[in-house]
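What follows draws every value from the coordinates through simple rules; no lab data is involved. Keep in mind that what you see is a predicted model, and the values were worked out from it rather than measured. Cβ sites come from the backbone with ideal geometry, for glycine too, and all protein chains shown count toward neighbours.
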Amino acid sequence: MKDLTRERLRTLGLAAGVGLGGLAFGYVLVFAAVIVLALAGYRPGPAASVVLSAALLQGVAFGSVAYAYTRYRDAGDRFVAFHVPSLRHLGLAVAGWLGTFAAYVAIALAIQQSGAPTASNEIANTGIQHPEVLLLLLPISFLLIGPGEELLFRGVVQGTLRERFGPVASIVIASVIFASAHFLSLAGPFAGRVVTIAALSVISLLLGALYEYTDNLTVPALVHGAYDATLFGLLYVSVVYGDQIQNAANVPGLFG
């Protein structure tokens, strides 16, 4: 029993370390790029900053860490499971998108009714000031955010946890790690961040379950991208055509 507990703790530490390590590496890359550009006399605007951040974080950092880890474990086929989706998988992706959005609406209503505090998303705040950024985030959601985050947190983190914890527990733990990784991208009181992370964890469970059921990272990546793109699109409409800007910024289920 002690050996099993020790192995599970080791696996948990390894999975969390890989996920949070990928995030830390991404922040280092973004910070270094900003410094280099500043020294070169170039200060990127909001749109360029969003592209740079997504490319370096979800693209380069998450992809590099996932590649290095799978090479280290010699387990690329187990952790990098992107496949061309079948018609059935595409149908599940559509159902998953509708399910995650329905979960978002239910969570948002529950938070509103309870009066619980929430934290605003930094990307949403940027989009309020510069709505054109939100339009740019629509394709980025599908090309970088969805695939990059699902590769690292579903493929690598959840895949690693599955080895010792089984499918159900691995989905739950990976969802908590994934949601917690968004802590620094939130703005607001600590209690509000905790509530928002809890909301993200619930929605993340659906992505984890889809991956476990299909064994195809393309499915949760499509759902993730469509979910974020939907919220970015709705926020754009709210900012440009509505007067509920402050409420739109406090998006409890936004992954980006």
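Note on the range 1-44 and the range 216-234: Cα centroid distance 23 Å, given to the nearest whole angstrom. With 10 Å bins beginning at zero, the pair-distance distribution over Cα atoms of the range 102-166 amounts to 17, 25, 38, 19, 1 %. Taken along its principal axes, the alpha carbon cloud of the chain reaches lengths of 56, 49, 40 Å, longest axis first. Of the peptides 19-29, 34-44, the ranking by mean beta-carbon count within 10 Å, highest at the top, reads 19-29, 34-44. Charge dipole (Cα centre; +1 on Lys/Arg Cβ, -1 on Asp/Glu Cβ; no other charges) of the range 2-249 amounts to roughly 580 debye.
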